[in-house]
Amino acid sequence: MRLRLAYIALCLLCPLAVSSLAHAQSQNPAEAANPPENPAPTGPAVPSDVKQPPPPHKPFDFTVYGRVNVSFDVGNQELTTAPCITAAVGPCAPPTGSLRWLPDVASNLSRFGVRGYHDLSGREYQAVFQLEAQVDVAATPGSKPNGSNDTINPANTAVTGALASRNSYVGIATPYGALKLGKNDTPYKTVTADFDFLADTPGDYNSIMGNTGGDNRTEFDARFPHAVWYESPDLMGFRLNAIWSPGQNRFDDNIGYAIGENACAGGNAGPCNDGSFGDGYGFSAEWRGFGLKLIASHEMHRRTNRTGDAGQTTAQGTSLVETANEYAWKFGAKYTFEPTGTTVSGIFEKMWRNDVADFNERQRDGYYVSALQKLGQDDDVMGAWAHAANTPGDPGAGRVDNTADMLTVGLRHWFNPKTTIIASYAHMRNSSAAHYALGPGGHGVTWDCKDGGTPTLTASPGISLIGNGTGCFTGTSPQAFSLGMTYDF
């Protein structure tokens, strides 16, 4: 009986032995001489909660990543209740076109990118790169107007769907920080991005924060082109980032395009007399610890051209607006209380321009407060309030009331760490001379001060309509509902 059992065991073991011998004979000698790090099962022990040892470091690698963010919205510009005032000067013709609730499907900063590295001297010194493009999931890629009222024949030829239209760079990463060349979001923009729990929705905080004059603008929520920047390492929770973008402009007043660009600095359409600037500078400082984040940041746009606002008649006389430096400072704090899943944040922002006070609509204070409460593991409820304080004046009306407030709420459900669905509502209250919009800075569709008026000029037969196809009405209260889905990979 024992002999029979031994015979059965020998028959079972022989194929395994032959297989092992064949594998050993066919193995590459180089692999045998250089076995992989942490081989199993004879390698170093690993904690019981780790499924497998960490893979060995690769001398070079790259990652493909992206986000798909699309929403269904229903918004109302509230033009039916707008006072008959255009650019704070009246009277005017009443608004025309579709003045009711409009449904839409919006692409909201969906993106696709690839980033990677190559060791230069071990893993502490690396060459790094990134190429990132916007993906217009629901919209047709092409020319995108930014800060231009001309919706019939937009003049901005920037193609946001082009390869590397978003943050893209090449640089060197070291233990002492990274130095990069390309184009990138400014430190002023990125340092408080995580304060905005409703980013890319109609209630994105850039509807007011970073927005000097209202409308579809986010001057201080910028991406600097042809830039060089430094990113510091984390030192006991402290980090410092700085950026410089040379103006590359042949004109002292920055009235032309920067050399190598196809749009005015600041994203405006030509002629560059409505916010185009020369050199741009910025930095941010932050500290994290014990659930708290503290930030301070500054950005400057040198010799910003606003001559398009000059020459208007106001109660204080003819407006005098030329080129002048524009600055912004902000200070903020965010705190997360882990036991209850509660996060609160707040920002104070100061923007100013060196200009005649009576016609200066680019100088004001801003305030932002937001909160997020986790409901279990898979749901977040969010709310925020933003306020734009009064400016010293206005180029079209002199001293006016142009304050604004935005309230927004939202609910997000996490199917998994990569997939969410979010429902939100936003409401903007503009005072009599203000014209802030919902959605600038992230949402694919905006609700602003403009109606569906006819063009101011007509072309010869067979060409097309040209000129400004809309009027801007102040004192409105746009609002929007949104239901969207995001997927990250």
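The values are calculated or read from the model by the stated rules, or taken from the named source; none is laboratory data. Computed from a predicted model, the values in this text were never measured in an experiment. Reconstructed Cβ throughout: ideal geometry from the backbone, glycine too, with neighbour counts over all protein chains shown. Just so you know, the surface numbers come from the protein's heavy atoms only, side chains and all, with ligands and any DNA or RNA stripped out. Shrake-Rupley method; radii C 1.70, N 1.55, O 1.52, S 1.80 Å.
Before moving on, here are some points about what is shown:
- In the context of the full set of protein chains, residues of the range 369-431 present 43 Å² of accessible surface per residue (probe radius 1.4 Å, heavy atoms only).
- Here the gap between LEU181 and LYS350, fully extended at 0.36 nm per residue and compared with their Cα-Cα distance, gives a gain of 58.0 nm.
- Separation of the PHE251 and ALA389 label points, Cα + 7 Å toward Cβ, nm: 3.4 nm
- Charge context of ALA315, other residues only, Cβ under 14 angstrom, K/R +1, D/E -1: -2
- GLY453 long-range amide H proximity, modeled H, under 5 Å: THR96, GLY471
- Database remark: amide H of ALA227 closer than 5 angstrom to the amide H of GLY182, LYS183 (H placed geometrically; neighbours at sequence offset of 5 or more, or on other chains; Pro and chain starts carry no H).
- Neighbours of THR212 by Cβ distance under 9 Å: Lys/Arg scored +1, Asp/Glu scored -1, total +1.
- Accessible area of the range 309-429 belonging to carbon and sulfur atoms, whole % at 1.4 Å probe: 61 percent
- Amide H contacts of GLN248 (H built 1.01 Å from N, in plane; Pro and chain starts excluded): no residue 5 or more places away or on another chain comes under 5 Å.
- Using the Karplus relation 6.51 cos²θ - 1.76 cosθ + 1.60 with θ = phi - 60°, the per-residue 3J(HN,Hα) values for the range 255-260 come to 6, x, 5, 5, 4, x Hz, with x marking Gly and Pro.
- Pairs over the 22 Å Cα-Cα cut-off, from the set LYS293/LYS374; LYS293/LYS350; LYS330/LYS418; LYS374/LYS418; LYS330/LYS374: LYS330/LYS418; LYS330/LYS374.
- Measuring nothing but protein heavy atoms, the accessible surface of the range 230-271 at 1.4 Å probe radius is 61 percent carbon and sulfur.
- Rounded to the nearest 10 square angstrom, ILE347 shows an accessible area of 10 square angstrom against a 1.4 Å probe.
- For the range 443-448, the Karplus equation 6.51 cos²θ - 1.76 cosθ + 1.60, evaluated at θ = phi - 60°, returns couplings of 7, x, 10, 10, 10, 10 Hz by residue, with Gly and Pro reported as x.
- Under the Karplus curve 6.51 cos²θ - 1.76 cosθ + 1.60, θ = phi - 60°, whole-Hz ³J(HN,Hα) for the range 471-476, x wherever Gly or Pro sits: x, 10, 10, 8, x, 8
- For the range 198-300, the solvent-accessible area with a 1.4 angstrom probe is 39 square angstrom per residue.
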